[in-house]
Amino acid sequence: MLKFTRKTEYALMAIKYMQTKPVYSITTAKEISDNINIPFQNLSKILQFLAKLKLVQPIYGPNGGYSIEKKLINLNLWDFLEKMEGPIGLADCLVNVDCNQLDKCNIKTPVSLIQQKMKTIFSDMTIGDVL
């Protein structure tokens, strides 16, 4: 079934926590970890990944941490999920053409239609909408 991975859940939780801070403030991974009970090591890796994607801004130095990039809040949810998880498909054939059932598959069209409707719904929502 379609569900967020722990990585995506933690990323959204961290972003929501960072949103509660004043604009342009710096939040440390330790602060987020302590306040929303996410394992520090996991959260650190997720924040580094978000920084690599340029969705959060890393601030280096003894008083460093992370701040939210303005564009993050306006990013549509589908794009965010694909950045976090890679291509999204309800069935393997929708993201991988190496399916051995492709020629005889009798559900590809309806599953593809469901996938497109799901993509439209998620694309119409921004990160800001869900947080």
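Whether any residue in the range 97-106 is in contact (Cβ under 8 Å) with a residue 12 or more places away in the chain and among the aliphatic types (A, V, I, L, M) is what I want to check.
No: the range 97-106 contains no residue that is in contact (Cβ under 8 Å) with a residue 12 or more places away in the chain and among the aliphatic types (A, V, I, L, M).
On the basis of being within 21 Å of GLY128 (Cβ to Cβ), surrounded by 14 or more Cβ atoms within 10 Å (Cβ to Cβ) and in contact (Cβ under 8 Å) with a residue 40 or more places away in the chain, does ILE32 make the cut?
It is false that ILE32 is within 21 Å of GLY128 (Cβ to Cβ), surrounded by 14 or more Cβ atoms within 10 Å (Cβ to Cβ) and in contact (Cβ under 8 Å) with a residue 40 or more places away in the chain.
Could you tell me whether ASP98 is of a type in the set (Asp, Glu), open to solvent by 50 Å² or more (accessible area, probe 1.4 Å) and part of a helix (DSSP H, G or I)?
Criteria not met by ASP98.
Collect the residues in the range 57-93 that are in a helix (DSSP H, G or I) and open to solvent by less than 60 Å² (accessible area, probe 1.4 Å), keeping them in residue-number order. First the steps, then the outcome.
Keep residues of the range 57-93 that are in a helix (DSSP H, G or I), which gives 70-74, 77-85, 92-93.
Matches in the range 57-93: LEU72, ILE73, LEU77, TRP78, PHE80, LEU81, MET84, CYS93.
Can you report the number of residues in the range 107-131 which are touching a residue at least 24 places away in the same chain (Cβ under 8 Å) and open to solvent by 50 Å² or more (accessible area, probe 1.4 Å)?
6
Using the structure shown, decide if LYS54 is at positive phi and open to solvent by 100 Å² or more (accessible area, probe 1.4 Å).
Against the criterion (at positive phi and open to solvent by 100 Å² or more (accessible area, probe 1.4 Å)), LYS54 qualifies.
Could you give me the residue pairs with C-beta distances under 7 Å whose first residue belongs to the range 60-71 and is without any contact (Cβ under 8 Å) to a residue 40 or more places away in the chain, whose second residue is basic (Lys, Arg) and outside any strand (DSSP E or B) wherever it lies, and which are 6+ apart or on separate chains?
Close Cβ pairs satisfying both conditions: GLU69/LYS54.
The values are calculated or read from the model by the stated rules, or taken from the named source; none is laboratory data. Quick caveat, the model's predicted, so the values are computed rather than measured. Quick reminder, even Gly has a Cβ in these numbers, built from the backbone with ideal geometry, and neighbours come from all protein chains shown. What goes into the accessible areas is simple: the full protein's heavy atoms, side chains included, and nothing from ligands, DNA or RNA. Shrake-Rupley method; radii C 1.70, N 1.55, O 1.52, S 1.80 Å.
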